[in-house]
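Colleague: The structure is given below, and queries will be raised subsequently.
Derivation of every value follows stated rules applied to the coordinates shown; laboratory data play no part. As the structure is a prediction and not an experimental result, all values here were calculated from the model. Here the Cβ is made from the backbone with ideal geometry for all residues, glycine too, and neighbour counts use every protein chain on show.
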Amino acid sequence: MKIAIGADHAGLELKNKILSNIQKNYQIIDVGAHNFDPNDDYPDFSQRVAELISNKTVDRGILICGSGVGATIASNKVPGVRASVCHDLYSANQGVEHDDMNLICIGARIVSQADATKLINAFLSALFTQEERHIRRLSKVNKIEDKYIK
């Protein structure tokens, strides 16, 4: 599985700490930040990761900012991206299984390195169930997106 990862200044330290763990098992594209810049902005990194998901260069993405909220909002503007902030294991796993979530957003100011690692592992190991009810719901979500794509 190919994964894109990105973080703004608030998530840079956590991104760098967890990167070595996920590089062992996955092919990683790190879109930055690569250096601390207190003036960088989460939408820039969100867009980079989201576009890699949208154009199918990667299978899934990981974004880390201060709370995870801004990265989620920005990422969901890109067609084909299903991003959610997840700070608990149930959501990180269930978001993929039921909703085919393809981008997890984590708040570095919310979770520890150990918890972030667990969340990412739950997200990356989960699979969409392909159950009829989940496919039906995802189809409805896709129709909403299609309605507003210009």
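Colleague: What translational diffusion coefficient, to the nearest whole µm²/s, does the stretch 43-124 have by Stokes-Einstein, given a Kirkwood radius computed over alpha-carbon pairs, a temperature of 20 °C and 1.002 mPa s viscosity?
Modeller: Result for D is 176 µm²/s.
Colleague: Across the stretch 28-85, how large is the tail of the calculated P(r) beyond 15 Å, expressed as a percent of all Cα pairs?
Modeller: In whole percent, the share of Cα-Cα pairs in the stretch 28-85 beyond 15 Å is 42.
Colleague: Helix 113-125: angle to the longest alpha-carbon principal axis of the chain, degrees 0 to 90, nearest 10?
Modeller: That works out to roughly 30 degrees.
Colleague: Label Asn16 and Lys147 with points 7 Å out from Cα along Cα→Cβ: what is the distance between them in nm?
Modeller: Each label point lies 7 Å from its Cα, and together they span 4.5 nm.
Colleague: Turning to a different aspect of this structure: Pairs of Cα atoms under 8 Å, at least six residues apart: use those to get the relative contact order of the chain, whole percent.
Modeller: In percent, rounded to a whole number, it is 23.
Colleague: Under unit Cβ charges (Lys, Arg +1; Asp, Glu -1), what dipole magnitude, rounded to 20 debye, does the stretch 2-148 have relative to its Cα centre? Please report the intermediate quantities before stating the final value.
Modeller: Details: 17 positive and 18 negative charges, 76 e Å.
Once rounded to the nearest 20, the dipole reads 360 debye.
Colleague: Starting from the Cα of Lys118, step 7 Å toward the Cβ, then list every residue of the stretch 1-45 with an amide N under 19 Å from that point.
Modeller: Residues passing the 19 Å test: 14-15, 17-19, 21-22.
Colleague: Given only helices, namely DSSP H runs of n ≥ 4 each adding -39500 (n - 2.57), what is the per-residue ellipticity at 222 nm of the chain, to the nearest 500 deg cm²/dmol?
Modeller: Rounded to the nearest 500, it is -15000 deg cm²/dmol.
Colleague: Next question, about the same structure. Set Lys and Arg Cβ to +1 and Asp and Glu Cβ to -1, take the dipole of the stretch 2-148 about its Cα centre, and tell me which of Asn16, Ala92, His34 lies farthest positive.
Modeller: Ala92
Colleague: Continuing with this model, one more query. Could you state the number of Å between the C-alpha centres of the stretch 57-73 and the stretch 95-150?
Modeller: Each part's Cα centre sits 11 Å from the other's.
Colleague: Please state the relative contact order of the stretch 13-95 as a whole percent: Cα pairs under 8 Å, 6+ residues apart?
Modeller: Dividing the mean separation by the residue count of the stretch 13-95 yields 24 percent.
Colleague: Using only Cα atoms and rounding to the nearest 10 degrees, what angle (0 to 90) does helix 89-99 make with the longest principal axis of the chain?
Modeller: Roughly 40 degrees between the two axes.
Colleague: Stokes-Einstein diffusion coefficient for the chain at 10 °C in a medium of 1.306 mPa s, Rh from the Kirkwood formula over Cα pairs: what value in µm²/s?
Modeller: Values: Rh = 15.1 Å.
The calculation lands on 105 µm²/s.
Colleague: Once you've got the Cα coordinates, tell me which of Lys56/Lys150; Lys2/Lys147; Lys118/Lys143; Lys56/Lys143 are over 25 Å apart.
Modeller: Numbers: Lys56/Lys150 20 Å; Lys2/Lys147 29 Å; Lys118/Lys143 33 Å; Lys56/Lys143 19 Å.
Checking Cα-Cα distances, Lys2/Lys147; Lys118/Lys143 exceed 25 Å.
Colleague: Sequence neighbours fewer than 8 away in the same chain don't count; with that in mind, list the aspartates and glutamates whose C-alpha is under 13 Å from Lys77.
Modeller: Leaving aside aspartates and glutamates fewer than 8 places away in the same chain, those within reach of Lys77 are Asp44, Glu51, Glu145, Asp146.
Colleague: Treating cross-link reach as a plain straight distance, find the aspartates and glutamates whose alpha-carbon is under 14 Å from the alpha-carbon of Lys140, omitting any fewer than eight places away in the same chain.
Modeller: Asp99, Asp100, Glu132
Colleague: Just rank Thr72, Thr129, Thr57, fewest to most, by other beta-carbon atoms within 10 angstrom.
Modeller: By the 10 Å Cβ count, ascending: Thr57, Thr129, Thr72.
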